[in-house]
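Structure in C-alpha cells, see below.
The values are calculated or read from the model by the stated rules, or taken from the named source; none is laboratory data. Fair warning: this is a prediction, and the values are worked out from it, not measured in the lab. Note: ideal-geometry Cβ built from the backbone for every residue, glycine included; neighbour counts use all protein chains shown.
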C-alpha cells in the first residue's frame, strides 16, 4: 500500500536532501525553510558561514520522532552539542509566521494523498486543514495540545470565513504546488524501487504548513503517520472523512469522496 520512496519525504533530513537534489538549493528554499543536516559537512560549512555573518540565528532543531526545540545558534559548538549530546539531526530556519492572528504563532496541518498507478505518481490534498498554535512567542514550537481562545480559528474553513487578508484559492494553489514539487522529488526513488506500472499504491501523509511574512505557504515537514486521533467533533468528522476517502475513494475506488480534494 505504501508508495515506494515516500520515506524520502517523511524523514526530516531526507525531505530537505531530496528537494535540494531534485530542484536545487534556491528552489528548495521556496518549498520549505532553509535546513541544514548536522551530519553533512557541506551543510555545516554553509551554516558556519551564516552564523559568522549574523549572530545569533534562531532555528528549530529536529530529532527523531516529534523531538524538536527552538534554539539560538551562536557558534559551531552549539551545533555539535545538538547532534552529539541531544540527538538532533537537522536544524531549520525559524520562519516568523505572518501577523494574521493577533500575533499568534501557528502552522496548518493539511492532509495529502500520494497515489501511484499506471507508472505515474499523483497527489491530492484535502481542502480543510487544522490550525495548530504554539504555547507562546517564547516557545514557538506548535503542539496539538495547545488550546487558544475561542475567537481564534481552529480550521482553515474558519480562517477563510474571517476577515483576514488571505486568499483561499491562492493558499490552496500554493499548498498544492508545494505538494507536487515534493512528489516530483521522489519520482526517481519510486522508479528505482522496481514498482510495476500496473501496481497500485496509495499513501496518506500529513503536511505541516507555515505562512511566511508574505503569507506564502512553506512546508515544515511531512509525516507518513498522519495523526488521525481526533481532538473535537469537527476534527473527528474531518479525520474520518480523510481516512474514508483515502481507502474507499483513492485506493479501492469504491465510492465518491466525502471531502473536497484538489488535484496537484
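Confirm whether residue 72 is assigned to a strand (DSSP E or B), surrounded by fewer than 14 Cβ atoms within 10 Å (Cβ to Cβ) and on the phi < 0 side of the Ramachandran plot.
Yes: the conditions hold for residue 72.
Select from segment 180-219 the residues that are outside any loop (DSSP other than H, G, I, E, B) and under 24 Å from residue 140 (Cα atoms) and list them in ascending order.
205, 206, 207, 208, 209, 210, 211, 217, 218, 219
Further question: So, in segment 8-47, exactly how many residues are surrounded by 15 or more Cβ atoms within 10 Å (Cβ to Cβ) and assigned to a helix (DSSP H, G or I)?
The number of residues fulfilling the criteria is 18.
Just wondering, is there one or more residues in segment 187-201 that are within 28 Å of residue 106 (Cβ to Cβ), out of contact with any strand residue (DSSP E or B) (no Cβ under 6 Å at 6 or more places or on another chain) and surrounded by fewer than 16 Cβ atoms within 10 Å (Cβ to Cβ)?
Scanning segment 187-201, I find no residue that is within 28 Å of residue 106 (Cβ to Cβ), out of contact with any strand residue (DSSP E or B) (no Cβ under 6 Å at 6 or more places or on another chain) and surrounded by fewer than 16 Cβ atoms within 10 Å (Cβ to Cβ), so the answer is no.
In the list 220, 204, which residue meets the criterion of being in the same structural domain as residue 123 (by TED's automatic domain parsing), in contact with a helix residue (DSSP H, G or I) (Cβ under 6 Å, 6 or more places away or on another chain), surrounded by 21 or more Cβ atoms within 10 Å (Cβ to Cβ) and at pLDDT below 95?
204
Same structure again: Report yes if some residue within segment 226-249 is at pLDDT 85 or above and part of a strand (DSSP E or B); otherwise report no.
no
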